[in-house]
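Accompanying notes for the structure given below.
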Amino acid sequence: MLIFDDENQMLKFMVEKWEDILQEGIQRKGYFTVGLSGGKTPIMFYQKLAEWDSKSSWERTQVFLVDERFVSLDNKDSNYRMLRETLLGKIVIPQKNIHPITTGKGSLEASAREYEKDLKSFFKVSKGQMPDFDLILLGIGEDGHTASLFPGSKALSECRRLTAAVVLDEVRHDRISLTLPVINHAEHVIFLARGANKAPVLEKIIGEDDPSLPASMVRPRSGNLLFVIDLEASSQLYA
Ligand code: 6PG
């Protein structure tokens, strides 16, 4: 776990870490695959990444979404829209390298299946296997959710599917999410959390290791799990 008391240092670290993992991926197989989360926390990081001038690296980067709300891609609540406005629309990256979760056609389940098809075909996933993402970037909700995997959701027990359609009364929009087996198969998983409102849940996840919370179920088999948090978010840890 890394705790930063300076936002710029935190962002600088994240960009450097991204570059390291990208180089690792490129050396291993010629390209870099990343799953990006929505929410407010990563916005500043995406904006910082957009300033990073590396056309050749973007050409070798494949961007997937960790989750999406079942709204049109130009809706203000769409994660794709946020990513486009903060990062993807500001860099030179081939359109074929961007993998949105399409929501315009058909049902929620059809969108989840469509995204699963895209993942399977890009990663050449055969039966019983999972995609090998180089990096998955996650956020944490105050209730311990991560991606669109919420406490008590059926999607948490999914062990074969790559994507889940998530419908919950307490969540404003229906969602599509990568499943835990996909997240836990990634080479690197980084949680980014900022602000005092995240302190109690971080205490439960890191301090108590509460197994009932979705974020605690993220345990990449590579062992490369990193929490990058600010001072406020860390305030209840080891108190
Ligand atoms: C989303 C997410 C979700 C998010 C957390 C934290 O699409 O909303 O992927 O898991 O990371 O809810 O959100 P904040 O960063 O806004 O606190």
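Taken together, the values in this text are just the output of simple stated rules run on the coordinates, not laboratory data. Since this is a predicted model, take the numbers as computed values, not measurements. Note that each Cβ is placed from the backbone with ideal geometry, even for glycine, and that neighbours are counted across all protein chains shown.
Considering only region 83-99, I want to know if a residue exists there that is more than 30 Å from PHE150 (Cβ to Cβ) and among the charged types (D, E, K, R). Scanning region 83-99 turns up at least one residue that is more than 30 Å from PHE150 (Cβ to Cβ) and among the charged types (D, E, K, R). So is GLN47 surrounded by fewer than 16 Cβ atoms within 10 Å (Cβ to Cβ), assigned to a helix (DSSP H, G or I) and within 16 Å of the ligand (Cβ to nearest atom) or not? Answer is yes for this residue. Could you check, for region 34-44, whether at least one of its residues is over 16 Å from the mean Cα position of the chain (by Cα), surrounded by fewer than 23 Cβ atoms within 10 Å (Cβ to Cβ) and not basic (Lys, Arg)? Taking every residue of region 34-44 in turn, none turns out to be over 16 Å from the mean Cα position of the chain (by Cα), surrounded by fewer than 23 Cβ atoms within 10 Å (Cβ to Cβ) and not basic (Lys, Arg).
Applying the selection to region 91-141, what residues are farther than 28 Å from SER54 by Cβ, more than 16 Å from the chain's Cα centre (by Cα) and of a type in the set (D, E, K, R)? Selection gives LYS105, GLU109, ARG113, GLU114, LYS117, LYS120, LYS127. Whenever a residue of region 36-64 is closer than 23 Å to GLY144 by Cβ, its partners that are among the β-branched types (Val, Ile, Thr), lying with C-beta atoms within less than 6 angstrom and at least six residues away or across chains, give the pairs SER37/VAL66; ILE43/THR86. Take GLY152 and tell me if it is more than 14 Å from the ligand (Cβ to nearest atom) and farther than 18 Å from MET1 by Cα. So GLY152 fits the description; yes.
Scanning region 120-149 for residues that are more than 16 Å from the ligand (Cβ to nearest atom) and not aromatic (Phe, Trp, Tyr) gives LYS120, SER121, LYS124, VAL125, SER126, LYS127, GLY128, GLN129, MET130, PRO131, ASP132, ASP134. Annotation for region 90-101: no member residue is surrounded by fewer than 21 Cβ atoms within 10 Å (Cβ to Cβ), within 15 Å of the ligand (Cβ to nearest atom), among the aliphatic types (A, V, I, L, M) and not in a loop (DSSP other than H, G, I, E, B).
Selection of region 151-177 for residues being within 21 Å of GLN129 (Cβ to Cβ), among the hydrophobic types (A, V, I, L, M, F, W, C) and touching a residue at least 40 places away in the same chain (Cβ under 8 Å) yields LEU156, LEU162, ALA164, ILE176.
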